[in-house]
1. Hey, what do the phi angles of the stretch 276-281 turn into as Karplus ³J(HN,Hα) couplings, whole Hz, using 6.51/-1.76/1.60 and θ = phi - 60°, x for Gly and Pro?
2. What dipole magnitude, in Debye to the nearest 20, does the chain give about its Cα centre under +1 on Lys/Arg Cβ and -1 on Asp/Glu Cβ?
3. How much of the accessible area of the stretch 102-284, in percent, comes from carbon and sulfur atoms when a 1.4 Å probe is used?
4. I need the phi-derived Karplus couplings for the stretch 237-244: 6.51 cos²θ - 1.76 cosθ + 1.60, θ = phi - 60°, integer Hz, Gly and Pro marked x.
5. If you take every DSSP beta bridge whose two residues both sit in the chain, what share of them, in percent to the nearest 5, is antiparallel?
6. I'd like the accessible area for E61, computed on protein heavy atoms only with a 1.4 Å probe and all protein chains in place. Round to 10 Å², please.
7. Among V320, V282, P13, whose Cα lies farthest out toward the positive end of the dipole of the chain, if unit charges sit on the beta carbon of Lys, Arg (+1) and Asp, Glu (-1)?
8. Over the chain, what is the relative contact order in percent, taking alpha-carbon pairs closer than 8 angstrom and at least six residues apart?
Amino acid sequence: MSKPKVFVSRVIPSAGLDRIREYCDAEVWPEQMPPPYEVLKAKIADKQGLLALLTDQVDPELLDAAPDLRVVSNYAVGFDNVDVPACTARGVAVGNTPGALTDATADFAFALLCAAARHVAAGDRYVRDGNWKTWEPRGHRGVELFGATIGIIGMGRIGYAMAYRCARGFDMKVLYHDQYRSEKAETDLGAQAVDMDTLLRESDFVTVHCDLNESTVGLMNADAFRKMKKTAVFINDARGPVHDQRALYEALRDGEIFAAGLDVTDPEPIAMDAPLLTLPNVVVCPHIASATFAARNRMAEIAAQNLIAGLKGDPLPAPVNPEVKPRA
Ligand SMILES: NC(=O)c1ccc[n+]([C@@H]2O[C@H](COP(=O)([O-])OP(=O)(O)OC[C@H]3O[C@@H](n4cnc5c(N)ncnc54)[C@H](O)[C@@H]3O)[C@@H](O)[C@H]2O)c1
């Protein structure tokens, strides 16, 4: 029997790729850069499965070019690059990788928090630029973490993991804002559900862990930054469009907030002449929060399982649109 044909849009870890190759007739995009949209469209024309990355736009036009497509397995927990209703309408199952990268991403949010609050990246640049002459009593001062108040926007898996690190490791008071109550965070960590204004006003650190959706695009705008403490630090390792990047730049430039740590920008990659990059009080990383060996392997395993289940006509282990029963 011939194997189902799939397109894998980048070389993912062998933990998943080997399984895909075993079960499928897999064409793997070998380049560092993603396949251009038109190329992706042509590649999936005769495929039953697509393993996509967040840099691949899966929209109605792309789906219409792939009449045999049964499953889109996204190698990420976020799936804002996939038009899920369009997939559902065409009977295409969509999978993601929840849980696999929760700890890695929360670790990284915490790393950004330390880096931004305590000038870690700026200090390193200072040394490398040959500016370290002596110990300076008034130089390089940052804000303290222990016992501070953390405001978590989006108390889902990663939000909770970040809150856990802050509460258990650094004795922080946890405030959160979400559309749902998290009894777990409230019971385990003493977290308090508050409205956005209270969170912004009272938090020493504001960290974004919501998914990108209509209600979160531009959530952190000029008005939001103005409400934060002047000593506050802003962290985003969720999705770039949740913050208004111009407003963030102005808030950092004008001292409305103290510092920021970003793993995600809008757009990605950030332009090298972006005003934000002229500021000393922002740390910017290239969307690497899930980049641990363990997390990327687990993501590859789950993505492979989703892809193969979809091709077999089985329910996906991590479905985004479980109402779609994959076609066998
Ligand atoms: N930087 C990275 O590499 C990286 C890695 C993993 C995940 N992420 C991002 O992190 C996001 C969260 O992942 P997760 O696994 O915790 O997802 P999750 O679904 O468990 O949590 C998202 C939470 O955000 C909440 N939310 C949605 N809209 C909101 C709003 N308007 N206001 C407040 N809260 C709102 C949801 O109710 C949910 O509790 C992903 O969607 C992805 O975009 C980024």
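1. 3, 6, 8, 8, x, 9
2. With only Lys, Arg, Asp and Glu charged at Cβ, the dipole is about 640 debye.
3. 51
4. 10, 9, 9, x, x, 5, 9, 8
5. 5
6. 100
7. Farthest towards the positive pole: P13.
8. Relative CO of the chain lands at 21 percent.
The values are calculated or read from the model by the stated rules, or taken from the named source; none is laboratory data. Values in this document were obtained by computation on a predicted structure and should not be read as measured data. In this analysis, Cβ positions are derived from the backbone assuming ideal geometry, glycine residues included, and neighbour counts consider all displayed protein chains. In case anyone asks, the SASA skips ligands and DNA or RNA and just uses the protein heavy atoms, side chains included. Shrake-Rupley method; radii C 1.70, N 1.55, O 1.52, S 1.80 Å.
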